[in-house]
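Below is one structure, written out as structure tokens, with a few remarks after it.
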Amino acid sequence: MTAPQPPQPQPPALVDFRASPEPSHDRPRPDRLVQGNPARTTWTHYGAPSGDFDCGIWACEPGAWRIAFPPGKEEFFHVISGRLRIRDEAGNAREFGPGDACVIPAGFQGVFEVIEPVRKHFVVIDRAAARPA
């Protein structure tokens with residue numbers, strides 16, 4: 001009799017954004033609200049096993065809240081539809097609409113404002129969230 005063979009590891013699979021994972025829903029923390037209380041929906045299409053990389057689609061209703069990215073956390077996004085504005089602590093503002101892309105760097109603080117209902121692709125890298133291998 002032969003010993004059972006251990007299962008073979010599966011090769012990594014591509015992540016197809018046409019599939020629709022179960023969404024999560026939230027709102028900005030009350031202590032960060034600037035305007036409104038917008039509902040936010042996130043479809044995380046991929047979360048790395050290490051915990052430091054997530055990507056997917058994010059949608060939000062109009063409203064504004066303060067953001068503070070800690071050291072080691074960065075986000076790239078690409079607007080699919082709608083309009084948003086990001087204002088830094090010095091008051092400088094940039095607007096983004098369909099087709100526009102942006103990186104929010106580690107340490108950034110400011111206000112994130114959704115002007116029109118927005119939908120965007122996102123990639124978040126959070127080195128502080130990484131789990132040891």
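The residue pairs whose first member lies in region 76-97 and is farther than 21 Å from ILE125 by Cα, whose second member is in a loop (DSSP other than H, G, I, E, B) and at pLDDT 95 or above, and whose beta carbons are closer than 7 Å, counting only pairs six or more residues apart or on different chains, are SER81/PRO98; ARG83/GLY97.
Considering only residues in region 16-50 that are under 23 Å from GLN109 (Cα atoms) and of a type in the set (Gly, Ala, Ser), the one that is nearest to the chain's Cα centre (by Cα) turns out to be ALA39.
Quick check, is GLU116 modelled with pLDDT of 95 or more, acidic (Asp, Glu), part of a strand (DSSP E or B) and more than 21 Å from VAL15 (Cβ to Cβ)? Here the answer is yes, as GLU116 does meet what is asked. Pairing each residue of region 29-52 that is more than 14 Å from VAL118 (Cβ to Cβ) with any residue that is exposed (fewer than 15 other Cβ atoms within 10 Å of the Cβ) and of a type in the set (Val, Ile, Thr), provided the two are 6+ apart or on different chains, yields C-beta distances under 6 Å for HIS45/VAL15; TYR46/VAL15. Mind listing just one residue for me: the one in region 57-69 that is aliphatic (A, V, I, L, M) and over 17 Å from PRO21 (Cα atoms) and, of those, surrounded by the fewest Cβ atoms within 10 Å (Cβ to Cβ)? Among those residues, the one meeting the criterion is ALA68.
Among the residues of region 1-56, the ones that are in a loop (DSSP other than H, G, I, E, B), of a type outside the set (A, V, I, L, M) and surrounded by 12 or more Cβ atoms within 10 Å (Cβ to Cβ) come to 10 in all. For TRP65, are the conditions met, namely being touching a helix residue (DSSP H, G or I) at 6+ places or on another chain (Cβ under 7 Å) and not basic (Lys, Arg)? Considered against the rule, which asks whether it is touching a helix residue (DSSP H, G or I) at 6+ places or on another chain (Cβ under 7 Å) and not basic (Lys, Arg), TRP65 comes out as yes.
Report whether or not ARG131 is charged (D, E, K, R), modelled with pLDDT of 95 or more and surrounded by fewer than 16 Cβ atoms within 10 Å (Cβ to Cβ). Lay out the reasoning, then the answer.
Details: charged (D, E, K, R): yes; modelled with pLDDT of 95 or more: no; surrounded by fewer than 16 Cβ atoms within 10 Å (Cβ to Cβ): yes.
Against the criterion (charged (D, E, K, R), modelled with pLDDT of 95 or more and surrounded by fewer than 16 Cβ atoms within 10 Å (Cβ to Cβ)), ARG131 does not qualify.
Scanning region 71-80 for residues that are touching an Asp or Glu at 6+ places or on another chain (Cβ under 8 Å) and surrounded by fewer than 16 Cβ atoms within 10 Å (Cβ to Cβ) returns GLY72, HIS78.
Against the definition (surrounded by fewer than 18 Cβ atoms within 10 Å (Cβ to Cβ), within 14 Å of the chain's Cα centre (by Cα) and outside any strand (DSSP E or B)), how does ALA106 come out, yes or no? Considered against the rule, which asks whether it is surrounded by fewer than 18 Cβ atoms within 10 Å (Cβ to Cβ), within 14 Å of the chain's Cα centre (by Cα) and outside any strand (DSSP E or B), ALA106 comes out as yes.
The values are calculated or read from the model by the stated rules, or taken from the named source; none is laboratory data. Small disclaimer: the values here were computed from a predicted structure and weren't measured. Here the Cβ is made from the backbone with ideal geometry for all residues, glycine too, and neighbour counts use every protein chain on show.
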